[in-house]
Each structure stands twice: as C-alpha cells, then as structure tokens.
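Shown next, in structure tokens, is the structure this report addresses.
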Amino acid sequence: MIQSTHDGLLEIVGLIQDAALDPPLWQDVLTTLMRRLDGVAGGLWLNDPAQATCVPLAHTGLDPAYTDRYSQHYLHVDPVFRIKSRLPVGHAVATSMLMRQDAFTRTEFYNDWFRPQGFHEAIGAAVHRTAPRFTWLSIVRPQTTDAPTVDDIATLAGLVPHMMRSLTVAQRLDMLTDRQRALRDALAAVTHAVMLVDRRGRLLFANAAAEALLGPRQPLTIRQGRVKARDPMVDVVVQATLARALPDAGDERRGIAELAIPRDGRRPLVLSIVPAHAHNVDRLDPDQRVAAMIMAAEPEMRPWSRLDGVIDAYGLTPAEGRVLNAIVDGDGLAGAAARLGIGRATVKTHLNRILAKTGTTRQSDLIHLVATMLPTRHG
C-alpha cells in the first residue's frame with residue numbers, strides 16, 4: 001500500500017514536471033490530483049487582487065458558464081479571495097481553515113455559485129507569485145465527501161513545491177520564447193542576411209534576407225542541411241574558413257573570419273563569420289547549440305531603407321528627400337540639379353536645410369549618417 005501511494009505521487013510529480021514543457025498537461029495534473037484528493041473539479045487561476053481579476057490557466061470539472069460568472073460577479077463576493085491573496089506561496093489550506101464552515105455556507109458565494117455545482121469545500125495553495133498577482137491551485141470536493149483530512153492537506157503540501165518549480169520553469173521558458181520571437185522579428189526586418197549555424201555548419205536559422213540569398217541562382221545554397229557555396233571550388237574555401245572560425249567542443253571563442261564570394265559580373269558577396277560563446281549547458285549536447293552567426297552584406301544594395309529612415313527621423317520634406325537621394329548617389333550639386341530639373345541654387349538651399357536638420361556640416365558627414373542608419377526591409 002505504501003509502495004502504491006509512493007508510485008502514485010511519483011506519477012503526479014512526473015506530470016507536473018512535464019507540464020512545464022507542455023502546458024496542456026496541466027489538465028492531466030488537475031485530473032490526477034482530483035482522483036487523489038477525492039475532488040470533482042480543479043483549477044489553476046491567475047489572480048490579480050489589485051485589478052480584482054481571475055483568469056483560468058487550466059481547469060477541469062467546471063461548468064464554463066459558472067466560470068464566466070465567477071469572473072464577472074462572484075469573484076467580488078468570494079469571502080476567501082482576499083485571504084488567499086495574503087497567504088505565503090506554498091502554504092496548503094482548506095476553505096475551512098480560512099473561514100468557519102458554518103459562516104462560509106451562509107454566504108451568497110456559497111449558495112449561488114459553489115453549492116449549485118455540487119461543491120462543498122476546496123483545498124488549495126498559492127503556487128506562484130509575481131506581486132501583486134498570484135497563481136492559485138484549487139481542488140474542489142463535493143458535498144457527498146467528508147471534510148479534507150490532515151493527510152489530504154499534507155499530500156497537497158508535498159506536491160506544491162514541485163508545482164512551484166514547474167511554473168517557474170514554464171515562466172522562464174515563456175520569457176525565453178518571447179525574446180526569441182522578438183529577435184526573429186528584429187532579424188526579419190534587417191536587410192543584411194543573417195544565418196545561425198551549429199558547429200558542423202548546419203543551418204539553424206535564416207532571416208528573410210538570408211533565405212533570398214540561398215535561393216536559385218544565388219552563390220550560396222543548402223545541401224544536406226549545411227550552408228555551402230554553389231561553386232564547388234569556392235565551397236572548399238568557404239568550408240575551410242567556416243571550420244577555422246567554428247569552435248570545437250571545449251574550445252574558446254575564436255576570432256571573426258571574413259571572406260568574399262565571387263560572382264559573375266557583380267561585386268563579390270562579403271561574408272562575416274562570428275563565432276558564438278560556449279556555455280557550460282552546451283556540454284550536454286554541443287551539436288545542437290548555435291556555434292556561429294554568418295552575416296552577408298550585399299555591396300550593391302541600394303540604401304533606400306536608410307534614406308527613408310533619415311527622411312522620417314529628421315522630418316525632411318519630399319523635396320529635401322529627393323535632393324538627399326541624388327547626393328547619396330554621388331551626383332553633386334550640378335548633377336542633382338540636372339537630375340531633378342531644378343536650379344543649382346535651389347539644390348544648395350535644400351542641402352543646407354538637410355544639413356541643419358540632421359546636425360551635419362558637410363556632405364561627407366551626411367553620407368556617413370545615411371550609411372550608419374540601420375537598414376530594414378520593406379514589404
């Protein structure tokens with residue numbers, strides 16, 4: 001019997017740990033806890049006493065209509081809501097420990113929300129807190145069962161630390177996922193091609209500019225999952241450079257490597273290989289980690305996005321924007337005047353206004369400003 005009880009608790013602990021990586025499994029955690037603690041319903045609730053809100057993260061055995069009514073009205077008349085908000089994280093309690101049962105059964109909350117669902121008492125605990133919000137675990141017992149025993153409370157109390165840790169892990173993973181999405185969005189907006197590879201040169205990520213660079217009739221491609229030059233002779237150089245830049249397991253970070261990929265009738269494509277720092281956690285599976293970032297700059301890229309950024313940032317007029325475009329193209333005052341069909345004095349007037357608005361004093365400073373603006377993709 002003791003072994004069976006132990007195995008049952010280990011099963012719940014395993015489910016709790018799995019739920020950190022797979023949130024839908026919280027439904028299974030609640031169902032298993034209900035069986036263990038003679039419950040008929042259970043839930044994980046994100047509560048905000050400051051805003052007087054309660055959002056279900058996972059629940060089972062509850063009528064959705066009653067759940068909605070709780071958020072809309074019965075939360076405000078729940079006699080133990082504020083008491084629960086002040087309890088320390090990890091402290092398992094029964095409703096009768098927070099309020100005398102005879103007083104609880106006389107409340108509007110009990111008679112109009114709790115009892116109509118066949119509920120009589122609940123046991124629960126705060127399993128996570130980020131002030132002022134807290135996450136509450138509750139297992140609700142029916143009117144047909146006896147009051148929770150000391151062993152019931154102790155069982156829940158023994159499982160709560162596992163839930164606390166699982167929710168903390170889930171929160172950190174969610175934060176990392178959110179940051180990863182933000183970084184992907186940022187890289188997607190950059191005109192430079194960016195690729196992340198593992199230490200075998202296998203592609204782990206490519207932004208939109210890199211995907212275009214790996215397309216048909218491009219100097220780079222993907223073969224067997226690895227970044228390769230399409231020309232076999234050029235690829236020998238690429239792979240040798242990549243191998244020198246990528247650290248072996250346990251090696252320290254090496255220097256940035258750069259090489260030019262020749263192209264027929266066009267300027268070479270410049271690649272920069274930036275090794276990533278190794279971390280202790282990578283030793284668990286070093287083949288899966290990001291080992292380097294490959295960046296490719298297109299020398300022939302027209303800096304339209306940079307010009308748009310300068311125009312927007314410094315409030316240039318459309319006429320000033322056209323002059324800036326001509327200056328960046330290297331037309332000079334006379335060339336810009338001929339190109340735009342205006343007088344040289346007008347071009348000079350617009351240029352002086354551009355210099356004043358951008359805080360530059362010479363054309364070379366202005367061009368440097370345009371060159372250093374972050375290029376982003378349009379579309």
Problem set entry | Residue, modelled with the highest pLDDT, within region 291-331, restricted to residues that are surrounded by fewer than 16 Cβ atoms within 10 Å (Cβ to Cβ) and acidic (Asp, Glu) | Asp312
Problem set entry | Top-ranked residue in region 33-57 [being more than 19 Å from Arg86 (Cα to Cα) and touching a Leu at 6+ places or on another chain (Cβ under 6 Å); ranked as surrounded by the fewest Cβ atoms within 10 Å (Cβ to Cβ)] | Leu57
Seminar exercise, completed: Residues in region 72-88 that are in a helix (DSSP H, G or I) and surrounded by fewer than 15 Cβ atoms within 10 Å (Cβ to Cβ) total 5
Exercise. Does Val194 satisfy being at pLDDT below 85, under 13 Å from Ala296 (Cβ atoms) and aliphatic (A, V, I, L, M)?
Worked result: no
Exercise. Counting just the residues of region 28-83 that are among the β-branched types (Val, Ile, Thr) and over 31 Å from the mean Cα position of the chain (by Cα), which one comes out nearest to Arg115 (Cα to Cα)?
Worked result: Val40
Exercise. Does Leu15 fit the bill of being at pLDDT below 90 and not charged (D, E, K, R)?
Worked result: no
Seminar exercise, completed: Per the filter on region 190-211, residues assigned to a helix (DSSP H, G or I) and surrounded by fewer than 16 Cβ atoms within 10 Å (Cβ to Cβ) are Glu211
Problem set entry | Number of positions in region 215-234 that are at pLDDT below 90 and crowded, with 18+ Cβ neighbours inside 10 Å | 1
Exercise. List, please: which pairs have Cβ atoms under 6 Å, are six or more places apart or on different chains, and start with a residue in region 347-372 that is in contact (Cβ under 8 Å) with a residue 24 or more places away in the chain and in a helix (DSSP H, G or I) and end with one that is aromatic (Phe, Trp, Tyr) and surrounded by 11 or more Cβ atoms within 10 Å (Cβ to Cβ)?
Worked result: Lys357/Tyr314; Thr358/Tyr314
Exercise. Mind checking which pairs have a first residue in region 81-97 that is under 12 Å from Met164 (Cα atoms) and among the β-branched types (Val, Ile, Thr) and a second that is buried (at least 16 other Cβ atoms within 10 Å of the Cβ) and at pLDDT 95 or above, Cβ under 6 Å, 6 or more apart or different chains?
Worked result: Val89/Ala126
Exercise. For residues in region 247-269 being of a type in the set (Lys, Arg) and either in contact with a Lys or Arg (Cβ under 9 Å, 6 or more places away or on another chain) or assigned to a strand (DSSP E or B) (or both), which is modelled with the lowest pLDDT?
Worked result: Arg254
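The values are calculated or read from the model by the stated rules, or taken from the named source; none is laboratory data. Please read all numbers here as calculations on a predicted model, not as lab measurements. Ideal geometry is used to build each Cβ from the backbone, glycine not excepted, and the neighbour counts take in all protein chains shown.
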